[in-house]
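See structure below.
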Amino acid sequence: MCLPACPTYAMTPRERANPRGRIGLMRAVARGDMEVGDRAFAEAMYYCVGCRACETACPAGVEFGRLLEGARAAVEEAEAPGRPSDFPRGRLLDLLAHPGRLRRAARFLRVYQRTLGRRDRWRRWFGERFPDLAELEPLAPEVPPQGRKWRLQDALDPADVVADGPAPKTRGTVALHPGCVQAVLLPEVNADTAQVLAYNGWRVVVPKGFRCCGALHAHQGQAAVARDLARANIAVFEAAGVERLISNAAGCGAHLKGYGHLLEDDPGWAARAARFAASVTDVTEDLVESGVRRPRRPFSLRATYHDPCHLIHGQRVAEAPRLLLRAIPGLDLVPLAESTWCCGSAGIYSVTHPDAAGELLERKIGHIRATGAELVVTGNPGCMFQIAGGLRAMGSSVRVVHPVSLLRIAYELPPLLPYSRRWQSLTS
């Protein structure tokens, strides 16, 4: 049942390119019939996009994602040939683990996009010398001004965001995990998330000290780094003294919910990690479960929804985002064929396997264009960047937006960040 759900098997119909074949290779290594350092083993483990669609399809409940991360960790420890090259993979993972370095890199990318990136002669020179990186350039997100980064200094209360009428009764306090990439490249999504939560009765805090969730490090076999980041985030959350942690990025949320598994063999952290994992909820889950206020501002737009892999398969959240979108007056939400199919972003898969990622993206863009939608809604930064880049490369005017940004506009709440005004044109 898992084979038809596997994106890499659809592209490469051979046994080692599907979950069953990969598990067979893992068993061969466990039996001693194959070495973990064999090139074929490493290539098979890293060709997988890690979407976990096979878990949704599996009647036996096999947790393939955990098996895959364990296999990749063994491959990295063995320094096996066939792994993705350390450049740019290693550099990217290092940036994610260190917020200051990530912000400096973002500033450099913004300068490049506004200067050399606009010059055809430079782009030709760069493409001749670094063809793999040049292929990724059209997919690179527009970097916002880093001087406009959003930080919640104290707390955002319901009374702070009510434009008219009485403020809703405060339900309690929640913490928002800002992420690493999202905090730098999509800060308006975090600001919009805080506003929407506050408008629905939650007092929102962003505790200082949160780190990258570690999802991409775990996916790339860097288990020790992932565990260190998990411990740091758990300690920050515990010190904040709140009971619920909100995630607005599908990949981050799935990994944060998996901290219990990640640290289950650490006696000093296992119980703390389990409590932390139980506190995590996706923002769309929270809004639906707690009772979302209906927006008033109508949208005369046709939209479609793409399910991020780690929301639909990693967290099994399917209906909550759609319920929120259907609550927006006038929004024509049309179904997307293969909405649960990976877009090709898959963490840094678009960097390590650009050809396969491009094939998946082309398939996704084809389905999007067939809907006639003017807007694609999805709740994961990697998906947003990948799909927006693909649409832009094809000359499409279709835009990509996070569900909470759409809700914030529908609530007629003024943006906390000037940069988020780019979404205001959706209703013009």
Query raised in the report: If we count every other residue with Cβ under 15 angstrom of Thr281's Cβ, Lys/Arg +1 and Asp/Glu -1, where does the sum land?
Result: -1
Report summary line: Everything considered on the Cα gyration tensor (a ≥ b ≥ c; rounded for a/c under 1.5, else prolate if a/b is larger than b/c, else oblate), region 158-288 must be described as prolate
Report task. Specify the residue with the greatest mean-square fluctuation among Gly347, Gly50, Gly100, computed from a Gaussian network of the chain linking alpha-carbon atoms under 10 Å apart. Result -> Gly100
Report summary line: For the pair Val111 and Arg275, the simple spin-label estimate (label points 7 Å beyond Cα toward Cβ) gives in nm 4.6 nm
Report task. Could you please rank Ser300, Ser290, placing first whichever residue has the fewest other Cβ atoms within 10 Å of its Cβ? Result -> Ser300, Ser290
Query raised in the report: On the first, second and third principal axes, largest extent first, how far apart are the outermost C-alpha atoms of region 294-425 in Å?
Result: 43, 30, 27
**Report entry** Cα-based helix-to-principal-axis angle, 64-78 vs the chain, degrees rounded to 10
**Finding:** 60 degrees
Query raised in the report: Any idea what angle helix 354-371 forms with the longest principal axis of the chain, computed on alpha-carbon atoms, 0 to 90 degrees, nearest 10?
Result: 40 degrees
**Report entry** Label-to-label distance, nm, for residues given as Met34 and Ala337 (7 Å Cα→Cβ offset)
**Finding:** 3.4 nm
Report task. Over the alpha-carbon set of region 227-364, work out the extent along each principal axis and list the three values in angstrom, largest first. Result -> 53, 43, 19
Report summary line: Between the modelled labels at Ala235 and His98 (7 Å from Cα along Cα→Cβ) the distance in nm is 1.9 nm
Query raised in the report: Can you list residues whose amide H is under 5 Å from Val400's amide H, if they're 5+ apart or on another chain and H is modeled 1.01 Å from N?
Result: Val376
Report task. Excluding Leu68 itself, calculate the net charge of residues whose Cβ lies under 9 Å from the Cβ of Leu68, where each Lys or Arg counts +1 and each Asp or Glu counts -1. Result -> +3
Report summary line: The percentage of Cα-Cα pairs in the chain separated by more than 27 Å is 52 percent
Query - Highest-MSF residue in the chain out of Trp341, Trp202, Trp269 [GNM, Cα springs under 10 Å] - result: Trp269
Query - Segment Glu264-Arg302, length gained on full extension (0.36 nm per residue, minus Cα span) - result: 9.2 nm
Report summary line: Of all DSSP beta bridges having both residues in region 294-425, the percent classed as antiparallel (nearest 5) is 0 percent
Query - Cα long-axis angle, helix 270-279 against the chain (0 to 90 degrees, to the nearest 10) - result: 40 degrees
Report task. Please find, in a Gaussian network model of the chain (springs between Cα atoms separated by less than 10 Å), the residue of Thr193, Thr352, Thr371 whose mean-square fluctuation is greatest. Result -> Thr371
Report summary line: The Cα radius of gyration of region 3-78, divided by 2.2 N^0.38 Å with N its residue count, comes to 1.03
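Just so you know, all these numbers are worked out from the coordinates, no wet-lab data involved. Keep in mind it's a predicted model, so treat the numbers as computed, not measured. Cβ: placed from backbone, ideal geometry, glycine included. Neighbour counts: every protein chain shown.
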